[in-house]
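Chemist: One structure is given below, represented as structure tokens, and several questions about it will come after.
The values are calculated or read from the model by the stated rules, or taken from the named source; none is laboratory data. All figures in this text were calculated on a predicted structure; none of them were measured in a lab. Heads up, the Cβs are rebuilt from the backbone with ideal geometry, glycines too, and the neighbour counts pull from every protein chain shown.
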Amino acid sequence: MLRLINPKQEFLRYRRRLEIAGIVAAVLFVALFSRFVWLQIAQFERYHALAENNRIALLPAPPSRGVIYDRHNIVLAHNFSASTLEITPSKAAKLDKTIDQLSEIVSISTGDRKRFKKMLAESKNFESIPIRNMLSEEEAARFAVNRYRFPGVEMKARQFRQYPLGDPFAHVVGYIGRIGDKDQERLQEDGRIANYKGTDHIGKLGLEARYEHWLHGRTGIEKVETDSGGRAVRTLSRTPPVAGYNLYLHLDAKLQQIAEKVFGDYRGALVALDPRNGGVLALVSKPGFDPNLFVDGIDVPTWRELNDSLDRPLINRALRGVYPPGSTIKPFMGLAGLELGIRKAGDSIVDQGYFSLPGSSHRYRDWKKDGHGNVDLKRSIVISCDTYYYGLAHQMGIERMAEFMSHFGFGRKSDIDLDGELSGLMPTPEWKKRRFKQSWWPGETVVAGIGQGYVLATPMQLAVATMALANDGVVYKPQLLRAWRDPSTDKMSYAAPRITERIKLNPEHLRLIKEAMTDVMLPGGTASIAGAGTPYAFAGKTGTAQVIGIKQGARYIESQVQMRHRDHALFISFAPADDPKIVIAVMVENGGHGGSIAAPIARKVTDYWLLGKLPAIYEPVEPGPAEIDAGDAETDLAPSEISLSSNPGAATAPLQEREQ
Amino acid sequence: MIILRWIKHVFCYLDGPMLGLISLLLLTSIAVVFSASGENSDRMVSHLTNIGVALGAMLLVSHIPPQRMMQFAPPAYVIGILLLLGVALFGVLVNGSRRWLELGFTRIQPSELMRLALPMMLAWFFHYKQETLRSRDFAYAGLLLAIPVAFIAKQPDLGTSLMITASGFYVLFLAGLSWKVMVGAAAAAGSALPIAWHYLLHDYQRQRVLTLIDPSTDPLGAGYHIIQSTIAVGSGGVAGKGWMMGTQTHLDFLPERSTDFIFAVFSEEFGLIGNLFLLLLYAAIIWRGLYLAASAPSLFGRLLSGAIVLTFFTYAFVNMGMVSGILPVVGVPLPLVSYGGTSMLTVLLGFGIVMSAATHKKLVKT
């Protein structure tokens, strides 16, 4: 059908349609504008936050870890800066090829590769992962020249932990290691996880673990503007990190080294305490190990070797080695006899070489087959008569014995500022019932009297008990940490000595025991060889702890026993006897007799401490590459002049806080 | 004096108010592209060159009287169809679609030619038939529209085919397409939608629609564009972050920021106030354009001008709707603002035609 349309009409229709189109356009523009109002006013806060999130990244600035010094500011643990090569997987070309090419420039061991693979599996793609730590200067220079060939590979300066004095200090200072899943969980629970952003190491053992919260410091935050690729464009604000506290110990590095050296090839432990404040002067567990191996992840073969070694180097014998205290318990038993009124100084027995319970034929033998004859209390200590103590223990009874001994720290943790300490054992009938569902036999009391049977103690416990004797009943908590410095205020705070026990003891009784212990070191005593020629009064007591039981009627013949089945040699001492400055407990594994093996070790350590005398085999301390912060040294103390650091008000608060 | 007269002669076919509005928009474009390109001087030189060339083309076209232009319409259309056929047969495959034709010395995208050739052809058709227009002529016109759209949709190029469909439809609409047909076609299209969804749309096209509905399903892939551009717009707030201060823009979060997503840059830096200004500027250009279209003496001029102006509106609306997250991401630039020579040229050529149609009053009767 033909549509005849008048042009004017047609034009009017066109106008109308144009107007409709115009109105539709206007309506759509209004709709668009309302969308803008919605986005830019109603939803502004949300999109503003999203844009800021896009833009701003918070980068952690890890703090530098506190340095650990001995009492003379010799560095035991410190940090140094070294170059590492790190690969950012997302930016790098093929990883294996990159690593192969890198290995042509710097040496990359299979261990490095393994560690890289392991960390790669655990990390995010955009994080940089170290392939090689501690580049030599030559290697760093070689990489710098070839850098263009390796996209995604960067050389970074990182801080490394180092333990310059190595093995002898491993059990005290401990080490740090990579934060593992367990650490991560613990940090999460404690709410400390945020402070560990950017930190990948944490204290695992020793002081490094115990004082982690002080050593670590506070992580700083850098607020940076990043582009969509995550590259930092500029820094917006920065909260600098606060370095961890520097720790200053009671420990004397030289004393520790000497003590470790004088053990020779023997395994064992030595604890030296300052009886005037509980400060730990030396804490040796031999053999030690190199803590530096652990810092960046120890390789499996080395770890196996350490862990499977018969010598058990990883065990801190001073705190975790429990041994029958043997005859070293006798001075305490004697004191108990006096204090409980069971024995008088003048009372003596006739020792025929054995003790039998009334109505029993079983013989508890003295170490001397034919006995010592007439023995009073003093002589029983000097010659270490067993028979005397069999009878005394029987008369005393196990309950009274345990009660008295517990005040000296037997069966109780010393509460030293290291983790993992064992509490040993001071048995009671209730304990036996609980543990074995059996009743107590009187014979068990008899052997407990000479520190055998169920009685177990750590070298640390022996040292604490000896400190109680030396101090006339005052027991301090053994303490490694002497002071700490907060680098942000540069203020030095001191850990106050803490008395854990004041045992009420009759001075006359104490005098008698101390005299007896002094006589142990003199001709006629069991440690007379070790005590020969001391210019100071040396008080000590030997002990021997059985490793294997000896059958009734059999005799222990040293030469017939295999080395590892030989008895442990024990020795406790303090000196000078009239004004004790050092208390020592020594345990030598399979050392045989306390008098011949353990006592000379204590003698050499005491000689150095009181006289500054170096043993012949001693090699001087090498402070290592760390600069010793001379400014921190208050005075160069003579070995025997121990600064009694007491600033109780300032010092106790943080300590208590930690102990909660 | 002669120079003055010569200048007057050169500019006599341009519309003053329209030129002023366009210049204002082009100045805005220069400022935004400068910011979006990160002060890249190469890009600025090229942008200014594009604007200069396109303005020159507009000036040139404004001198061509509509009846001359009408003579170009059928050949341009036929050449366009042939080139599209060439693309379908010998086209270069880029990113999974065949849009370009390799000519040896250069590559051309024939669908761009169709943006003007199609409405011209349709306007020519209705002008030619104006005395004897039958209802079935709309069907013929529909066929003229469908052929190039089918070629372009097949490439596939959803955005361009939709835009060309729109421009052709505007001619039909202004020529008096009956409402019944429009409603019927809309209903048919609506019912065909599920079929089209399953059989005609390509995966990537479906993905675009799906990510529009919920961009968060694919925040790093297809949803990334929409999420980041919406953040840019929303975080601009009322007053904007200030010129050259847009964080989304300058920290590289916005994709395609000097081309299809340039509105996000503008919106982030100038805020709601800037958006209002831009909308009003577009509205003014459209208003003036429709006025010029209505004042064109010939039917050809009126239909073509009206379609060009309405297409211009469509581009602007679709682009801003896409960037602000209410329309799917189709590759449509913001007219006269986005960086890009072809779009700039096509749009300004269009305005040259609009001005020419309105200012050439003496029409030779056919």
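Chemist: Considering every residue within the range A:442-450, establish whether at least one is in contact with a Ser or Thr (Cβ under 7 Å, 6 or more places away or on another chain) and at pLDDT 90 or above.
Modeler: Yes: the range A:442-450 contains one or more residues that are in contact with a Ser or Thr (Cβ under 7 Å, 6 or more places away or on another chain) and at pLDDT 90 or above.
Chemist: Being crowded, with 21+ Cβ neighbours inside 10 Å and either within 30 Å of A:K581 (Cα to Cα) or touching a residue at least 60 places away in the same chain (Cβ under 8 Å) (or both), is that true of even one residue in the range A:437-446?
Modeler: Yes, the conditions are met somewhere in the range A:437-446.
Chemist: Select from the range B:218-239 the residues that are part of a loop (DSSP other than H, G, I, E, B) and modelled with pLDDT of 85 or more and write down the one among them that is nearest to the other protein chains (Cβ to nearest Cβ).
Modeler: B:G237
Chemist: Okay, next question. Mind listing just one residue for me: the one in the range A:197-238 that is within 11 Å of chain B (Cβ to nearest Cβ) and among the charged types (D, E, K, R) and, of those, nearest to A:S90 (Cα to Cα)?
Modeler: Among those that are within 11 Å of chain B (Cβ to nearest Cβ) and among the charged types (D, E, K, R), it is A:R231.
Chemist: Hand me the list of strands (runs of 3 or more DSSP E) wholly inside the range A:460-515 holding 1 or more residues that are in contact with an Asp or Glu (Cβ under 6 Å, 6 or more places away or on another chain).
Modeler: A:474-476, A:481-486
Chemist: Of the residues that sit in the range B:246-266 and are crowded, with 24+ Cβ neighbours inside 10 Å and under 12 Å from B:N319 (Cβ atoms), which one is nearest to the chain's Cα centre (by Cα)?
Modeler: Restricting to residues being crowded, with 24+ Cβ neighbours inside 10 Å and under 12 Å from B:N319 (Cβ atoms), the top hit is B:D260.
Chemist: Can you find a residue that is more than 7 Å from chain B (Cβ to nearest Cβ), surrounded by 12 or more Cβ atoms within 10 Å (Cβ to Cβ), more than 16 Å from B:G237 (Cα to Cα) and in contact (Cβ under 8 Å) with a residue 24 or more places away in the chain anywhere in the range A:15-25?
Modeler: No, the range A:15-25 contains no residue that is more than 7 Å from chain B (Cβ to nearest Cβ), surrounded by 12 or more Cβ atoms within 10 Å (Cβ to Cβ), more than 16 Å from B:G237 (Cα to Cα) and in contact (Cβ under 8 Å) with a residue 24 or more places away in the chain.
Chemist: Which of the following residues is part of a helix (DSSP H, G or I), in contact (Cβ under 8 Å) with a residue 24 or more places away in the chain and on the phi < 0 side of the Ramachandran plot: B:I3, B:I22, B:I7?
Modeler: Selected residue: B:I22, the only one of B:I3, B:I22, B:I7 that is part of a helix (DSSP H, G or I), in contact (Cβ under 8 Å) with a residue 24 or more places away in the chain and on the phi < 0 side of the Ramachandran plot.
Chemist: How many residues are farther than 30 Å from B:L251 by Cβ and within 7 Å of chain B (Cβ to nearest Cβ) when one looks only at the range A:27-47?
Modeler: Within the range A:27-47, residues that are farther than 30 Å from B:L251 by Cβ and within 7 Å of chain B (Cβ to nearest Cβ) number 2.
Chemist: Oh, and also: Restricting attention to the range A:429-459, which residues are farther than 24 Å from A:G391 by Cβ and assigned to a loop (DSSP other than H, G, I, E, B)?
Modeler: A:K437, A:Q438, A:T458
Chemist: In this structure, does A:G591 turn out to be modelled with pLDDT of 80 or more and surrounded by fewer than 17 Cβ atoms within 10 Å (Cβ to Cβ)?
Modeler: It is false that A:G591 is modelled with pLDDT of 80 or more and surrounded by fewer than 17 Cβ atoms within 10 Å (Cβ to Cβ).
Chemist: Here's a follow-up. If we only count helices (runs of 4 or more DSSP H) wholly inside the range A:134-207, which ones have 1 or more residues that are without any contact (Cβ under 8 Å) to a residue 40 or more places away in the chain and within 19 Å of the chain's Cα centre (by Cα)?
Modeler: Per the criteria, A:181-190.
Chemist: Could you list, in sequence order, all residues of the range A:48-78 that are surrounded by fewer than 20 Cβ atoms within 10 Å (Cβ to Cβ), part of a strand (DSSP E or B) and either modelled with pLDDT of 95 or more or away from chain B (no Cβ under 14 Å) (or both)?
Modeler: Answer for the range A:48-78, where residues must be surrounded by fewer than 20 Cβ atoms within 10 Å (Cβ to Cβ), part of a strand (DSSP E or B) and either modelled with pLDDT of 95 or more or away from chain B (no Cβ under 14 Å) (or both): A:L58, A:L59, A:P60, A:A61.
Chemist: Just to be sure before I move on: is A:G264 in contact with a His (Cβ under 9 Å, 6 or more places away or on another chain) and not in a strand (DSSP E or B) in the structure I sent?
Modeler: It is false that A:G264 is in contact with a His (Cβ under 9 Å, 6 or more places away or on another chain) and not in a strand (DSSP E or B).
Chemist: Moving to a separate point now. Can you pull out every residue in the range B:267-295 that is surrounded by fewer than 18 Cβ atoms within 10 Å (Cβ to Cβ), in contact (Cβ under 8 Å) with a residue 60 or more places away in the chain and not aliphatic (A, V, I, L, M)?
Modeler: B:S295
Chemist: Determine whether A:D112 is more than 7 Å from chain B (Cβ to nearest Cβ), over 31 Å from the mean Cα position of the chain (by Cα) and assigned to a helix (DSSP H, G or I).
Modeler: No; evaluated as a whole, the condition is false for this residue.
Chemist: Follow-up. What pairs come out if I take residues in the range A:337-351 that are buried (at least 18 other Cβ atoms within 10 Å of the Cβ) and pair them with residues that are among the β-branched types (V, I, T) whose C-beta lies under 8 Å away, six or more apart or interchain?
Modeler: A:L338/A:I513; A:I349/A:V375; A:I349/A:T387; A:D351/A:V375; A:D351/A:T387
Chemist: Quick check on this structure: which one of B:L89, B:L83, B:L55, B:L113 is at pLDDT 95 or above and part of a helix (DSSP H, G or I)?
Modeler: B:L55
Chemist: Working carefully through the options B:Y282, B:Y339, find the one that is within 9 Å of chain A (Cβ to nearest Cβ) and more than 21 Å from B:R68 (Cα to Cα).
Modeler: Result of the check over B:Y282, B:Y339: B:Y282.
Chemist: Identify, by number, the condition in (1) surrounded by fewer than 22 Cβ atoms within 10 Å (Cβ to Cβ); (2) within 11 Å of chain A (Cβ to nearest Cβ); (3) in a helix (DSSP H, G or I) that B:A166 doesn't meet.
Modeler: Against the list (1) surrounded by fewer than 22 Cβ atoms within 10 Å (Cβ to Cβ); (2) within 11 Å of chain A (Cβ to nearest Cβ); (3) in a helix (DSSP H, G or I), B:A166 comes up short only on (2).
Chemist: Further question on the same structure: Applying the selection to the range B:130-156, what residues are more than 17 Å from B:P119 (Cα to Cα) and in contact with a helix residue (DSSP H, G or I) (Cβ under 6 Å, 6 or more places away or on another chain)?
Modeler: Scanning the range B:130-156 gives a single hit, B:A153.
Chemist: Of all residues in the range A:389-427, how many are outside any loop (DSSP other than H, G, I, E, B) and free of Cβ contacts under 8 Å to residues at least 40 places away in the same chain?
Modeler: Number satisfying all stated conditions: 4.
Chemist: Now for a different question. Do we find that A:E430 is of a type outside the set (S, T, N, Q), surrounded by fewer than 15 Cβ atoms within 10 Å (Cβ to Cβ) and under 30 Å from A:G346 (Cα atoms) in this structure?
Modeler: No, not satisfied.
Chemist: Looking at the range A:363-387 only, could you name the residues that are touching a Gly at 6+ places or on another chain (Cβ under 7 Å) and either surrounded by fewer than 22 Cβ atoms within 10 Å (Cβ to Cβ) or in a helix (DSSP H, G or I) (or both)?
Modeler: Listed by number, the residues that qualify are A:R365, A:K368, A:K369, A:D370, A:G371, A:D376, A:L377, A:S380, A:I381, A:V382, A:T387.
Chemist: Taking only the range B:296-330 into account, find how many residues are facing chain A (nearest Cβ under 10 Å), hydroxyl-bearing (S, T, Y) and part of a loop (DSSP other than H, G, I, E, B).
Modeler: 1
Chemist: Taking the range B:249-262 as the region of interest, how many residues are out of contact with any Lys or Arg (no Cβ under 7 Å at 6 or more places or on another chain) and at the interface with another protein chain (Cβ under 10 Å from one of its Cβ atoms)?
Modeler: Residues in the range B:249-262 being out of contact with any Lys or Arg (no Cβ under 7 Å at 6 or more places or on another chain) and at the interface with another protein chain (Cβ under 10 Å from one of its Cβ atoms): 5 in total.
Chemist: Can you pull out every residue in the range A:324-362 that is touching an Asp or Glu at 6+ places or on another chain (Cβ under 7 Å), of a type in the set (D, E, K, R) and part of a loop (DSSP other than H, G, I, E, B)?
Modeler: A:D347
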